[in-house]
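The values are calculated or read from the model by the stated rules, or taken from the named source; none is laboratory data. The shown structure was predicted, so the numbers you read here are calculated from the model rather than taken from an experiment. Note that each Cβ is placed from the backbone with ideal geometry, even for glycine, and that neighbours are counted across all protein chains shown.
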Amino acid sequence: MIKKQWKQKWQRRLSFAPLPLFAKMVLLYSSIVFCILLIVSVITVTSVHYIIASSIKNDLYASAQSTMEYLDRHGKIDSSIFIRSNLQPFVNLQVYDGAGKFLLDNGPTHAVKKLSDRYIDDDIQNASIHPLPTTIEGNETSVLSYYKKWSGTDGKSYYLRFSRIPDKENDFVSLLSKQLVASILISLILTILSGMYLMKKSLDPLHKINETLKGIEVNKLGDRITLSDDKNEIHDLAVTINQALDRIEYGYKQQQQFISNASHELRTPITVITGYVNLLDRWGKNDPAALQESITAIKSETEYMRQLIERLLFFARSNSGTLKEHFTDINTAVLMQELYNEISLIDTRHTILLKRNDKATIYAEPGSVKQMLRIFVDNALKYTPTGGKIYLSCEQRGDKICYKITDTGIGIPDKEQKLVFERFYRVESSRSKDTGGSGLGLSIAKYIAKGNNAELHLESKVNKGTTMMAIFAIKRSDKS
């Protein structure tokens, strides 16, 4: 147990807190810069080393060619070879006789003389197996050598060894490597420092966004992120967040308005019912007329409350979005005929006419579509005077099918036609006890239409009538 606690204690000490975003970005940026500089430095040193080696080889080849040309002209080997054979600077020439004995050397006096050479010795002993090298050879001391064999007019053979020690070049490469390492370290430090400054400055708008969002509460939904003049990704993010906050604020206000309207709509029938109950309790029980009036009013207000509560529950349930789970093929003509038969039996105060009923197939949720059409018919019956006409039709228009309900009622003013689909909204001319209604019918129809991928259109003229249209796409297999 003690051992486990000790282990957990040390694990907590050794654990590191997660790095902030700017630190991760600086670390990544610095790592990339370091890798780039390292690769460039390696390529630079390698390229310089290759160029130097190629230059030395060219010097050796050129010195050997000019020396051999001089010997062919001069015909013998003596000290003049070092002066007149045009040897390249810093190229050493050593001459050996046919037996491998060292003869001449133009190297500095302080240099160690190479009195024998294994390549020359091998060629003397067995030229067929170990011939004289024809390319530049290097050894463990970085001496580059090139060999030539020449035969004089006297019949004697000589070995010429051209060599070069690239001390200065190696010193230059070594110094260059050190300078590049120092430059990489300095650049890395500068990159980290400048990266921290630039990253903090670049991420500063995110900190402001974070602070603003922390301060937004229910009573401060109007607060917004201050937008900068720089048009960049963070600016676009701030715009998107502000737009989202606008939608949240609008939805919250709509919810508050919905609650307020629902409370108001429920308060009125409850007040009426309470008033009649008090009337009956005081003296109306013994008055048949007052008793009948109270019963009729209570029944009316109770029915109104029932309808209102059902529609409120519809909106509460509609958030689950389950309409699409029950989609099926619908015969448009059968659905319209069923609606016409129901309305003809229920209503006797108006003339109900089925003008046209085209047959097609749509893919939707049958119950909700029928409920939407009932809402249209219910409104037509409410706002059309007794004796008026209600026209029902189902018309195919190309690859669309249009359900249309037309009445000859009071109509809707132009300025209010866009508002009738809002919850609890009622046109002023319809706010009477005779028509009733809660202002929720068309908002439910709007939701049903959206859930069934349908379009709603409204056409209305005051005192002439209203036409409601629900347009569906015909199922593809049925399109002609």
Fill in: Meets criteria (touching a Gly at 6+ places or on another chain (Cβ under 7 Å) and of a type outside the set (Phe, Trp, Tyr)) for Asp230
no
Discussion item. I want to confirm something. Restricting to the range 378-436 and keeping residues that are among the basic types (Lys, Arg) and under 48 Å from the mean Cα position of the chain (by Cα), which single residue is modelled with the lowest pLDDT?
Written reply: Arg426
Item to complete: Among the residues of the range 392-403, count how many are touching a helix residue (DSSP H, G or I) at 6+ places or on another chain (Cβ under 9 Å) and surrounded by 16 or more Cβ atoms within 10 Å (Cβ to Cβ).
Response: 6
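Can you work out which of the residues in the range 150-167 that are surrounded by fewer than 19 Cβ atoms within 10 Å (Cβ to Cβ) and of a type in the set (Ser, Thr, Tyr) is farthest from Lys101 (Cα to Cα)?
Thr153
Could you check how many residues of the range 211-222 are closer than 15 Å to Tyr250 by Cα and surrounded by 11 or more Cβ atoms within 10 Å (Cβ to Cβ)? Quick ask: steps written out before the conclusion?
As a first pass, look at the range 211-222 and keep what is closer than 15 Å to Tyr250 by Cα: 216-222.
After this cut, where a residue has to be surrounded by 11 or more Cβ atoms within 10 Å (Cβ to Cβ) as well, the list is 216, 221.
Selection size over the range 211-222: 2.
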Worksheet item: Among the strands (runs of 3 or more DSSP E) confined wholly to the range 64-172, which include 3 or more residues that are within 30 Å of Thr46 (Cα to Cα)?
Response: 144-151, 157-164
Item to complete: Check the range 78-90 and report whether any residue there is in contact with an Asp or Glu (Cβ under 6 Å, 6 or more places away or on another chain) and surrounded by 13 or more Cβ atoms within 10 Å (Cβ to Cβ).
Response: yes
Practice prompt. Identify, from the list Ile241, Ile225, the residue that is surrounded by 11 or more Cβ atoms within 10 Å (Cβ to Cβ), among the β-branched types (Val, Ile, Thr) and in a loop (DSSP other than H, G, I, E, B).
Written response: Ile225
Worksheet item: Looking at (1) touching a helix residue (DSSP H, G or I) at 6+ places or on another chain (Cβ under 8 Å); (2) loosely packed, with under 13 Cβ neighbours inside 10 Å, which is the one condition that is false for Thr348?
Response: (1)
Worksheet item: Of all residues in the range 389-406, which are more than 15 Å from Arg356 (Cβ to Cβ) and touching a residue at least 60 places away in the same chain (Cβ under 8 Å)?
Response: Asp399
Response to the item:
(1) in contact with a helix residue (DSSP H, G or I) (Cβ under 6 Å, 6 or more places away or on another chain); (2) of a type in the set (Phe, Trp, Tyr); (3) assigned to a strand (DSSP E or B) all hold for Phe421 apart from (3)
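Would you confirm whether or not the range 383-391 contains a residue that is assigned to a strand (DSSP E or B) and within 20 Å of Leu442 (Cα to Cα)? I'd like the intermediate steps shown before the answer.
Narrowing the range 383-391 to residues assigned to a strand (DSSP E or B): 389-391.
Narrowing further to those that are within 20 Å of Leu442 (Cα to Cα): 390-391.
Yes: one or more hits.
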Item to complete: Report, by residue number, each residue of the range 347-382 that is under 15 Å from Ala333 (Cα atoms), not aromatic (Phe, Trp, Tyr) and not in a helix (DSSP H, G or I).
Response: Leu353, Leu354, Lys355, Arg356, Asn357, Asp358, Lys359, Ala360, Thr361, Ile362, Ala364
Discussion item. Out of the residues in the range 91-110 meeting the condition of being surrounded by fewer than 19 Cβ atoms within 10 Å (Cβ to Cβ) and among the hydrophobic types (A, V, I, L, M, F, W, C), tell me which one is farthest from Ile77 (Cα to Cα).
Written reply: Ala99
